[in-house]
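Here the structure is laid out as C-alpha coordinates; the discussion comes afterwards.
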Amino acid sequence: MEKKYTSKMHILTLPGFVHAELKVLREMLSWPQLTVHIRKPELSPGELCEYLTQFTPTEREKLILHGDPEIARAFGVSKIHYGAYLRNKYAPGEPIDTSVRSTSTHSWAEFNRLNSPIEMAFIGPLFPSISKPGYKPHNNLESAVRSNFRVKAIALGGLTCRNVSLLARSSYDDYAFCGAIWQADSPIEQAQRCYEQALKIQNSGYMNFSNTD
(Lines give C-alpha, C1' and ligand atoms only; values in the text may rest on other atoms or scores of the structure.)
Protein backbone atom coordinates (compact mmCIF):
# COMPACT_ATOMS: atom_id res chain seq x y z
CA MET A 1 0.00 0.00 0.00
CA GLU A 2 1.46 3.36 -0.98
CA LYS A 3 1.00 6.50 1.04
CA LYS A 4 1.93 10.04 0.05
CA TYR A 5 2.82 12.60 2.66
CA THR A 6 1.28 16.05 2.49
CA SER A 7 3.99 18.65 2.69
CA LYS A 8 3.87 21.20 5.47
CA MET A 9 5.99 24.16 6.48
CA HIS A 10 7.35 24.33 10.02
CA ILE A 11 8.36 27.50 11.84
CA LEU A 12 10.63 27.34 14.89
CA THR A 13 10.84 30.18 17.39
CA LEU A 14 14.16 31.53 18.56
CA PRO A 15 15.16 30.86 22.19
CA GLY A 16 14.87 34.58 22.86
CA PHE A 17 12.23 37.05 21.72
CA VAL A 18 11.95 39.25 18.65
CA HIS A 19 9.81 42.33 18.15
CA ALA A 20 6.11 41.56 17.81
CA GLU A 21 6.84 37.83 17.94
CA LEU A 22 3.41 36.78 19.20
CA LYS A 23 1.65 38.89 16.58
CA VAL A 24 3.76 37.27 13.86
CA LEU A 25 3.14 33.76 15.18
CA ARG A 26 -0.59 34.28 15.46
CA GLU A 27 -0.71 35.53 11.88
CA MET A 28 1.19 32.47 10.64
CA LEU A 29 -1.01 30.11 12.64
CA SER A 30 -3.90 31.15 10.40
CA TRP A 31 -2.15 29.70 7.35
CA PRO A 32 -3.08 26.13 6.34
CA GLN A 33 -0.37 23.46 6.15
CA LEU A 34 1.84 25.30 8.62
CA THR A 35 2.95 24.22 12.09
CA VAL A 36 4.61 26.40 14.71
CA HIS A 37 7.21 24.93 17.04
CA ILE A 38 7.53 26.72 20.37
CA ARG A 39 11.15 26.31 21.39
CA LYS A 40 11.95 28.47 24.43
CA PRO A 41 14.61 26.64 26.48
CA GLU A 42 15.56 29.82 28.31
CA LEU A 43 12.11 30.25 29.88
CA SER A 44 11.32 28.98 33.36
CA PRO A 45 8.25 26.74 33.72
CA GLY A 46 6.25 29.70 34.96
CA GLU A 47 7.38 31.90 32.08
CA LEU A 48 6.57 29.17 29.57
CA CYS A 49 3.08 28.87 31.02
CA GLU A 50 2.60 32.62 30.73
CA TYR A 51 3.82 32.51 27.14
CA LEU A 52 1.32 29.81 26.20
CA THR A 53 -1.58 31.79 27.67
CA GLN A 54 -1.07 34.32 24.86
CA PHE A 55 -2.51 31.82 22.36
CA THR A 56 -6.16 30.83 22.05
CA PRO A 57 -7.15 27.18 22.54
CA THR A 58 -7.65 26.87 18.77
CA GLU A 59 -4.18 28.29 18.08
CA ARG A 60 -2.60 25.90 20.58
CA GLU A 61 -3.89 22.99 18.53
CA LYS A 62 -1.41 23.98 15.80
CA LEU A 63 1.55 24.30 18.16
CA ILE A 64 4.26 21.77 18.87
CA LEU A 65 5.92 22.41 22.22
CA HIS A 66 9.60 21.74 22.70
CA GLY A 67 9.83 21.15 26.42
CA ASP A 68 7.78 19.89 29.33
CA PRO A 69 5.01 17.45 28.24
CA GLU A 70 3.09 18.13 31.46
CA ILE A 71 2.94 21.87 30.73
CA ALA A 72 1.82 21.08 27.20
CA ARG A 73 -1.05 18.94 28.45
CA ALA A 74 -2.07 21.55 31.02
CA PHE A 75 -2.46 24.14 28.25
CA GLY A 76 -4.13 21.93 25.68
CA VAL A 77 -1.04 21.57 23.47
CA SER A 78 -1.37 18.00 22.25
CA LYS A 79 1.77 17.97 20.13
CA ILE A 80 5.16 17.42 21.76
CA HIS A 81 8.69 17.60 20.42
CA TYR A 82 11.03 15.11 22.07
CA GLY A 83 14.69 16.04 22.14
CA ALA A 84 17.13 13.16 22.46
CA TYR A 85 16.75 13.14 26.25
CA LEU A 86 12.96 13.10 26.22
CA ARG A 87 12.92 10.59 23.37
CA ASN A 88 14.95 8.14 25.43
CA LYS A 89 12.94 8.86 28.58
CA TYR A 90 9.37 8.64 27.27
CA ALA A 91 9.27 6.91 23.91
CA PRO A 92 10.32 3.41 25.07
CA GLY A 93 7.69 3.32 27.81
CA GLU A 94 4.07 4.35 28.16
CA PRO A 95 3.50 7.07 25.54
CA ILE A 96 2.20 10.44 26.59
CA ASP A 97 -1.24 11.17 25.16
CA THR A 98 -0.12 13.44 22.36
CA SER A 99 -1.41 13.37 18.82
CA VAL A 100 1.92 14.17 17.18
CA ARG A 101 5.42 13.40 18.38
CA SER A 102 8.51 14.90 16.78
CA THR A 103 12.21 14.68 17.53
CA SER A 104 15.58 15.82 16.16
CA THR A 105 18.25 13.81 14.36
CA HIS A 106 21.55 14.68 12.72
CA SER A 107 22.16 11.75 10.41
CA TRP A 108 20.15 9.35 8.28
CA ALA A 109 21.51 6.48 10.37
CA GLU A 110 19.93 8.04 13.48
CA PHE A 111 16.75 8.89 11.58
CA ASN A 112 16.41 5.38 10.16
CA ARG A 113 16.33 3.89 13.67
CA LEU A 114 13.27 5.89 14.70
CA ASN A 115 9.94 4.17 15.17
CA SER A 116 6.61 4.60 16.91
CA PRO A 117 5.57 6.75 18.71
CA ILE A 118 7.80 9.25 16.86
CA GLU A 119 5.90 10.50 13.82
CA MET A 120 8.21 13.17 12.39
CA ALA A 121 11.81 14.19 12.85
CA PHE A 122 14.03 17.12 11.96
CA ILE A 123 17.20 16.14 10.15
CA GLY A 124 20.02 18.55 9.54
CA PRO A 125 21.62 21.01 9.40
CA LEU A 126 21.53 21.04 5.62
CA PHE A 127 22.99 24.51 5.09
CA PRO A 128 25.05 26.82 7.35
CA SER A 129 22.76 27.80 10.21
CA ILE A 130 21.43 31.35 10.21
CA SER A 131 20.26 31.43 13.83
CA LYS A 132 23.36 29.58 15.12
CA PRO A 133 26.44 31.10 13.46
CA GLY A 134 29.20 28.53 12.99
CA TYR A 135 26.80 25.58 13.02
CA LYS A 136 27.78 23.91 9.77
CA PRO A 137 25.91 21.37 7.62
CA HIS A 138 26.61 17.66 7.78
CA ASN A 139 28.17 16.34 4.59
CA ASN A 140 26.69 12.85 5.01
CA LEU A 141 23.05 13.86 4.58
CA GLU A 142 22.53 12.12 1.24
CA SER A 143 18.92 11.30 0.37
CA ALA A 144 19.90 7.91 -1.04
CA VAL A 145 20.60 6.50 2.43
CA ARG A 146 17.12 7.08 3.79
CA SER A 147 15.37 3.78 4.50
CA ASN A 148 12.79 4.86 7.10
CA PHE A 149 9.56 6.07 5.49
CA ARG A 150 7.39 5.43 8.55
CA VAL A 151 8.61 8.72 10.05
CA LYS A 152 8.23 12.04 8.23
CA ALA A 153 11.56 13.75 7.51
CA ILE A 154 11.70 17.51 8.10
CA ALA A 155 14.61 19.38 6.50
CA LEU A 156 16.20 21.86 8.90
CA GLY A 157 19.18 24.15 9.11
CA GLY A 158 19.90 27.30 7.13
CA LEU A 159 16.82 27.02 4.92
CA THR A 160 15.70 30.15 3.08
CA CYS A 161 13.15 30.94 0.39
CA ARG A 162 16.03 30.78 -2.10
CA ASN A 163 17.84 27.54 -1.24
CA VAL A 164 14.83 25.44 -0.26
CA SER A 165 14.12 24.75 -3.93
CA LEU A 166 17.42 22.82 -4.08
CA LEU A 167 15.73 20.11 -2.00
CA ALA A 168 12.81 19.62 -4.36
CA ARG A 169 13.97 16.17 -5.50
CA SER A 170 15.33 15.04 -2.15
CA SER A 171 14.01 12.65 0.48
CA TYR A 172 12.55 15.36 2.72
CA ASP A 173 8.82 15.51 3.33
CA ASP A 174 8.57 18.88 5.11
CA TYR A 175 10.69 22.01 5.48
CA ALA A 176 11.49 23.96 8.65
CA PHE A 177 12.55 27.60 8.86
CA CYS A 178 13.92 29.65 11.72
CA GLY A 179 16.68 32.24 11.32
CA ALA A 180 15.77 33.22 7.77
CA ILE A 181 12.40 34.42 9.04
CA TRP A 182 13.19 35.87 12.46
CA GLN A 183 16.27 37.77 11.33
CA ALA A 184 14.50 39.32 8.34
CA ASP A 185 13.42 42.96 8.37
CA SER A 186 9.83 41.76 7.97
CA PRO A 187 9.35 38.23 9.39
CA ILE A 188 5.82 37.98 8.01
CA GLU A 189 6.86 38.87 4.46
CA GLN A 190 9.82 36.50 4.60
CA ALA A 191 7.66 33.70 6.02
CA GLN A 192 5.20 34.24 3.18
CA ARG A 193 7.99 33.83 0.61
CA CYS A 194 9.18 30.62 2.28
CA TYR A 195 5.61 29.36 2.51
CA GLU A 196 5.00 29.98 -1.19
CA GLN A 197 8.18 28.12 -2.11
CA ALA A 198 7.27 25.15 0.09
CA LEU A 199 3.83 24.92 -1.50
CA LYS A 200 5.32 25.26 -4.97
CA ILE A 201 7.58 22.27 -4.32
CA GLN A 202 4.68 20.30 -2.89
CA ASN A 203 2.51 21.06 -5.90
CA SER A 204 5.31 20.01 -8.24
CA GLY A 205 4.94 16.50 -6.85
CA TYR A 206 8.67 16.04 -6.27
CA MET A 207 8.70 15.95 -2.49
CA ASN A 208 6.00 13.34 -1.92
CA PHE A 209 7.70 10.00 -1.36
CA SER A 210 6.02 6.61 -1.26
CA ASN A 211 5.69 4.94 2.11
CA THR A 212 5.29 1.21 1.78
CA ASP A 213 3.39 -0.28 4.72
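The values are calculated or read from the model by the stated rules, or taken from the named source; none is laboratory data. Keep in mind that this is a model prediction, so the values were computed, not measured. Cβ atoms come from the backbone with ideal geometry, glycine included; neighbour counts cover every protein chain shown. Protein only, heavy atoms only, side chains kept; ligands, DNA and RNA dropped before computing areas. Shrake-Rupley method; radii C 1.70, N 1.55, O 1.52, S 1.80 Å.
When the residues of the range 143-160 are filtered to those that are farther than 24 Å from I181 by Cα and either at pLDDT below 80 or in contact with a Gly (Cβ under 8 Å, 6 or more places away or on another chain) (or both), the one that is least open to solvent (accessible area, probe 1.4 Å) is S143.
From the list P57, P32, P45, the one residue that fits, being in contact with a Gly (Cβ under 6 Å, 6 or more places away or on another chain), open to solvent by 50 Å² or more (accessible area, probe 1.4 Å) and farther than 15 Å from L14 by Cα, is P57.
Okay, residues lined up against (1) modelled with pLDDT under 90; (2) in a loop (DSSP other than H, G, I, E, B):
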{"residue": "G134", "(1), (2)": "yes, yes"}
{"residue": "L166", "(1), (2)": "yes, no"}
{"residue": "Y172", "(1), (2)": "yes, yes"}
{"residue": "D185", "(1), (2)": "no, yes"}
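For the range 161-186, the set of residues classified as open to solvent by 10 Å² or more (accessible area, probe 1.4 Å) and touching a residue at least 40 places away in the same chain (Cβ under 8 Å) consists of L167, C178, A180, W182, Q183, listed by residue number. Look at (1) open to solvent by 40 Å² or more (accessible area, probe 1.4 Å); (2) modelled with pLDDT of 85 or more; (3) of a type outside the set (D, E) and you find that N140 fails only one, number (2).
Answer yes if at least one residue in the range 189-210 is assigned to a loop (DSSP other than H, G, I, E, B), surrounded by fewer than 22 Cβ atoms within 10 Å (Cβ to Cβ) and at pLDDT 90 or above, and no otherwise. For the range 189-210, residues assigned to a loop (DSSP other than H, G, I, E, B), surrounded by fewer than 22 Cβ atoms within 10 Å (Cβ to Cβ) and at pLDDT 90 or above: absent.
Each row is one residue, and each column tells you yes or no for (1) over 14 Å from the mean Cα position of the chain (by Cα); (2) touching a residue at least 24 places away in the same chain (Cβ under 8 Å).
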site: K8; (1), (2): no, yes
site: V24; (1), (2): yes, yes
site: L48; (1), (2): yes, no
site: T53; (1), (2): yes, no
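Please find, among P117, P125, the residue that is part of a loop (DSSP other than H, G, I, E, B), closer than 19 Å to H66 by Cβ, in contact with a Pro (Cβ under 7 Å, 6 or more places away or on another chain) and modelled with pLDDT of 85 or more. Answer to the check: P125. Listed conditions (1) open to solvent by less than 30 Å² (accessible area, probe 1.4 Å); (2) under 22 Å from I154 (Cβ atoms) are all met by Y51, apart from (2).
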